[in-house]
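Nothing in this text is a laboratory measurement; each read-out follows from the coordinates by a stated rule. Remember, predicted model here, so these are calculated numbers, not experimental data. Neighbour counts are summed over all protein chains in view; Cβ atoms, including those assigned to glycine, are modelled from backbone coordinates with ideal geometry.
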Amino acid sequence: KRTLIRLAKLRWRVEHDYREVKTGLGLDHYEGRVWQGWHHHTTLVSAAHAFLTLQRLNPKTRAPE
């Protein structure tokens, strides 16, 4: 039972993060045609997501007013 609850929470976290990366950070904005451009775009979005996640976890960081 606990495993099922943990997996359900994990699934929710993945869905939430994907929505944030897609709409909030622009993962779905790439309109290029080459793999290298897509790779660069995805790398920048991933770096921005990692930065925001670390900021959110840092107790010294305040939310913008």
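The gain in end-to-end length when the TYR18 to TRP38 segment is fully stretched comes to 5.5 nm, 0.36 nm per residue minus the alpha carbon separation.
Only the Cβ atoms of Lys and Arg (+1) and of Asp and Glu (-1) were treated as charged; on that basis the dipole of the chain about its Cα centre amounts to roughly 580 debye. Comparing ALA8, TYR18, LEU52 along the charge dipole axis of the chain, the residue lying farthest to the positive side is ALA8, per the Cβ-charge model.
Between the helical axis of 2-19 and the dominant principal axis of the chain, each derived from Cα atoms, what acute angle in degrees is found, rounded to the nearest 10? The answer is roughly 30 degrees.
Classify the chain from the C-alpha gyration tensor, please: rounded if a/c falls under 1.5, else prolate or oblate depending on whether a/b exceeds b/c.
Working: a/c = 2.73, a/b = 1.37, b/c = 1.99.
It comes out oblate by the Cα gyration axes.
Partners of LYS9 within straight-line reach, counting lysines whose Cα lies under 24 Å from its Cα and excluding those fewer than 8 residues away in the same chain: LYS1, LYS22.
With axes computed from alpha carbons, what is the tilt in degrees of helix 35-57 against the longest principal axis of the chain, rounded to the nearest 10 within 0 to 90? Between the helix axis and the principal axis of the chain, the angle is about 30 degrees.
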